[in-house]
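What follows is one structure encoded as structure tokens, with my remarks underneath.
The values are calculated or read from the model by the stated rules, or taken from the named source; none is laboratory data. Only a predicted model underlies this, so the values are computations on that prediction, with no experimental measurement involved. Cβ atoms come from the backbone with ideal geometry, glycine included; neighbour counts cover every protein chain shown. The accessibility values were calculated without ligands, DNA or RNA, using every heavy atom of the protein model including side chains. Shrake-Rupley method; radii C 1.70, N 1.55, O 1.52, S 1.80 Å.
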Amino acid sequence: MKIGVLEGDDIGHEVVPEAVKVMQAAALRAGLVIDWQPVPIGRRALDTLGSTLPADTLSRLEQLDGWILGPIGHQAYPKIPEAINPHPILRKHFDLFANIRPVRSYPGIASVHQNVDLVIVRENNEGFQPDRNVVAGSGEFRPTNDVTISVRVITRAGSSKVAREAFELARTRDKRLTVVHKDTVFKLGCGMFVEECKRIALEYPDVVMSEAIVDTFAMRLVMTPQKYDVIVTTNMFGDILTDEAAGLVGGLGLAPGLCAGPRHAMAQATHGSAPDIAGRNIANPYAMIMSGKMLLDWLGRKHASAAAIDAARLMEDAVGQVMRDRISLTGDLGGTSATSEMGDAIVACMAG
Ligand code: ATP
């Protein structure tokens with residue numbers, strides 16, 4: 001497997017190396033050979049190569065099977081054309097249409113709920129997000145000083161692709177999929193999304209599909225998150241619901257993610273670059289490590305590689321042990337260990 005390493009900014013330089021360390025240890029045990037390829041991005045690329053997204057970064061990524069992207073601290077970039085936010089460009093260029101975000105609780109880790117194990121699959125490239133729902137210009141505009149119009153884009157192709165990804169995922173889990181929408185109001189937009197989900201459902205008779213209206217779902221998620229397995233929804237509903245769900249089990253440090261496309265996938269934690277704690281070796285590496293685990297699992301399924309799937313399982317087991325037994329946890333989880341010590345503990349559990 002050819003896997004790119006893009007550290008990103010701030011705590012990215014601390015949590016991404018931990019993800020690589022744990023993935024490499026798992027790969028070694030599972031007999032998977034990984035060709036790691038560092039690829040420049042972000043503030044360091046701006047300082048050394050003159051751009052936050054250097055000219056050959058996209059073509060280098062094209063040659064890879066997948067990559068790990070650390071958090072991008074674009075808010076702190078200088079306001080110059082060379083300092084763009086690379087994020088939306090990567091998602092669009094590689095058609096990373098599905099943003100897969102698992103949410104799970106661990107006994108021993110403080111959280112609002114226990115026994116939570118669900119995955120939200122969020123459509124990633126259209127919907128209401130104005131920076132990615134049009135090819136030029138913006139999906140938001142102001143025709144007069146007193147009027148703003150935001151456009152929501154829903155396509156059959158985008159809806160069916162993300163629905164299929166969610167059904168495939170549900171098949172590997174408890175075979176239950178909830179489609180979250182609001183077709184009571186957005187009769188055409190959400191209506192089309194639901195139509196496509198129902199059409200894809202015919203190909204997955206082993207998966208039980210149900211529907212929930214987004215506002216009711218938001219309430220049920222807070223009250224009884226244990227009831228859900230896989231959830232699929234449109235971009236902005238997913239944006240909000242994934243943060244809500246992460247809050248139920250311990251917050252951003254525990255929220256991994258994978259952006260998946262037709263040919264590539266990108267491991268990317270939900271949290272930002274956390275400049276307030278960067279450079280101190282105290283950031284929680286869990287989300288980045290588990291994002292890396294998701295990448296190996298996705299690559300394993302995509303390329304029918306039992307070794308990659310094994311490596312992902314080894315990572316999950318070792319992380320689970322560290323969390324359950326509270327071994328070497330970082331400060332946000334109530335521990336006192338450094339970022340690198342938590343990574344080391346996970347590797348040690350794998351060896352043990
Ligand atoms: P963005 O807008 O880029 O997503 P944000 O404004 O949501 O970023 P973050 O950078 O995610 O903000 O940080 C939010 C808070 O969570 C900060 O106090 C930060 O220190 C904390 N935080 C984020 N990630 C981690 C982590 N991996 N470990 C510990 N604390 C974290």
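Summary of values
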quantity	calculated
Positive minus negative residues near Lys2 (Lys, Arg vs Asp, Glu; Cβ under 9 Å)	-2
Dipole moment magnitude, nearest 20 debye, the chain about Cα centre, only Lys, Arg, Asp, Glu C-beta charged	620
Accessible surface of the chain [probe 1.4 Å, protein heavy atoms]: carbon and sulfur percent	56
Per residue value of the accessible surface for the chain (all protein chains in place, 1.4 Å probe), Å²	42
Proximal aspartates and glutamates relative to Lys92, as straight alpha-carbon distance under 14 Å, when same-chain residues fewer than 8 apart are discounted	Glu62, Glu123, Glu126, Asp131
Estimated dipole of the range 112-249 in Debye, rounded to 20 [Cβ of Lys and Arg +1, of Asp and Glu -1, Cα centre]	260
CD proxy at 222 nm, helix term only [per DSSP H run n ≥ 4: -39500 (n - 2.57); per residue of the chain; nearest 500]	-13000 deg cm²/dmol
Within the range 112-249, percent of DSSP bridges classed antiparallel, to nearest 5	20
Fraction of beta bridges assigned by DSSP in the chain that are antiparallel (%, nearest 5)	40
Helix runs (DSSP H) in the chain reaching 15 Å along axis by Cα, Kyte-Doolittle at least 0.5	339-351
Charge dipole of the chain about the Cα centre (unit charges at C-beta), most positive-ward option of Leu202, Gly238, Asn281	Leu202
The chain, relative contact order in percent, only Cα pairs under 8 angstrom and at least six apart counted	23
Over 23 Å (Cα to Cα) - which of Lys161/Lys187; Lys2/Lys161; Lys182/Lys293; Lys175/Lys293; Lys21/Lys175 fall in this group	Lys2/Lys161; Lys182/Lys293; Lys21/Lys175
Distance in nm between pseudo-label sites at His303 and Arg60 (7 Å out along the Cβ direction from Cα)	1.9
Mean projected area in nm² (Cα convex hull; one quarter of hull surface) for the chain	18.0
Listed residue (Ala55, Val214, Val179) projecting farthest to the positive dipole end of the chain, Cβ model	Val179
Cα-centred dipole magnitude for the range 1-93, charges only on beta-carbon of K, R (+1) and D, E (-1), debye, nearest 20	160
The range 112-249 - percent relative contact order, Cα under 8 Å, separation 6 or more	37
Segment Phe141-Arg44, extension gain: residue separation times 0.36 nm, minus the distance between their alpha carbons	31.6 nm
